[in-house]
Structure formats: structure tokens, C-alpha cells
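Following: one structure in C-alpha cells, then a few remarks.
The values are calculated or read from the model by the stated rules, or taken from the named source; none is laboratory data. Predicted model only: the values in this text are computed from it and were never measured. Every residue, glycine as well, gets a Cβ built from its backbone with ideal geometry; the counts of neighbours run over all protein chains shown.
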Amino acid sequence: MKQWIKAAGLGLMIVTSSMYAQAAEAAQKVGYVATGQAMQQLAQRYNVAEKLRKEFKDRIDELRGIESRMKTKVDKMKRDGELMSASDRTKLQREMAALESDYKLKAKALQEDQRRRGAEEEQKLVKKIRTAIQEVSKREGYDLVVDANAVLYANPKDDLSSKVISAVK
């Protein structure tokens, strides 16, 4: 009988301690951050779009120059095509084809470079935001911080977005 009471008491103690452990886990402080909104505001603050525009300005101007030369040649072909000799028409068509090929090649390279540089700038912002989230979480005593898109409902006082944005250096 004594062993049965000891076993029952031990079982009760284990159940009680697991309930306390679950209650302690439930008491964790959880916050959320609207990372998309933070990225957008920080991109504007750091003028990322303007920075990239300036970086690729010369190449964009070069493409516009090729476009205008192509348009000039197309207009000439429309205007004078029937009056040109066969060799002049062929020469003009070859020039147009060369310009078009050059344009496509340079436009594709520009798009790839712009995409790559845009991704690099985005990664810099993501790194800054993550660092700020960690700093704010530790300072405010949060155990867990999630993205606002993953949250169906949360108390607005647990929104750390504005604090994170202001903490980004």
C-alpha cells in the first residue's frame, strides 16, 4: 500500500510539474514585425531606387541612343525603301539587324545587372532589419518575433515594426 501511495504521489508530482512547464512556456513574450512595410520604408529612406538609377544611367542612355538610331533607320526604310537600290536597301536592313541585335544583347545584360544589384541592395536591407529586430527584441524582452504576414491576430502593443524601423542604422 505504501508503494502504491508513493507511486501515485510521484505521478501527481510529474503531472503537476509538466503543467507548470507548459504554463511557463505559454508565458513567453511574442512580438511581430511587418517586414514588408519596413523594407519599403527603409528603401525609401536610403533612396535605393535613385541610387540604382544613377548607377545604371549611362547604360540606359546608351540603349536609348541605339533605340533612336533604330527608329531613324526604320523611318528611312519606310520613307525611301522603294526608291533605294537593292544594295542600299540590303545594307540598311543589315545595319538595322545589327542595331537590333546589339540592343537586345545590351538590354538583356542591363536587366540582369539591375536585378543582381537590386537583390544585393535588398539583402543589405534585410541584414539591417534582422539586426534591428534582434536588438529591439532583446531590449524589449521578447522571446519570439514573427513576421506580421504570419499572424492572424495579435495585440497592437506587440507590434515592433516602428521600433525596428527607427533602430535601423
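Annotations
- The single condition among (1) touching a helix residue (DSSP H, G or I) at 6+ places or on another chain (Cβ under 9 Å); (2) of a type outside the set (Val, Ile, Thr); (3) over 20 Å from residue 30 (Cβ atoms); (4) part of a helix (DSSP H, G or I) that residue 169 does not satisfy is (4).
- Residue match in segment 15-34 (condition: surrounded by 10 or more Cβ atoms within 10 Å (Cβ to Cβ), farther than 30 Å from residue 127 by Cβ, touching a helix residue (DSSP H, G or I) at 6+ places or on another chain (Cβ under 8 Å) and modelled with pLDDT of 85 or more): no
- Members of segment 38-58 that are part of a helix (DSSP H, G or I) and surrounded by fewer than 15 Cβ atoms within 10 Å (Cβ to Cβ): 40, 44, 45, 49, 50, 51, 53, 54, 55, 57, 58
- Filtered by the rule that a residue be of a type in the set (Gly, Ala, Ser) and out of contact with any strand residue (DSSP E or B) (no Cβ under 8 Å at 6 or more places or on another chain), segment 132-149 gives 132, 141.
- Top-ranked residue in segment 124-158 [being over 13 Å from residue 29 (Cβ atoms) and among the polar types (S, T, N, Q); ranked as modelled with the lowest pLDDT]: 149
Per-residue answers, yes or no, for (1) aromatic (Phe, Trp, Tyr); (2) modelled with pLDDT under 95; (3) closer than 22 Å to residue 43 by Cβ:
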site	(1), (2), (3)
80	no, yes, no
88	no, yes, no
108	no, no, no
116	no, no, yes
160	no, yes, yes
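- Within segment 71-85, residues that are in contact (Cβ under 8 Å) with a residue 24 or more places away in the chain and under 19 Å from residue 103 (Cβ atoms) sit with their Cβ atoms under 8 Å from residues that are among the hydrophobic types (A, V, I, L, M, F, W, C) and surrounded by 12 or more Cβ atoms within 10 Å (Cβ to Cβ), at 6+ positions apart or across chains, in these pairs: 73/92; 73/96; 73/99.
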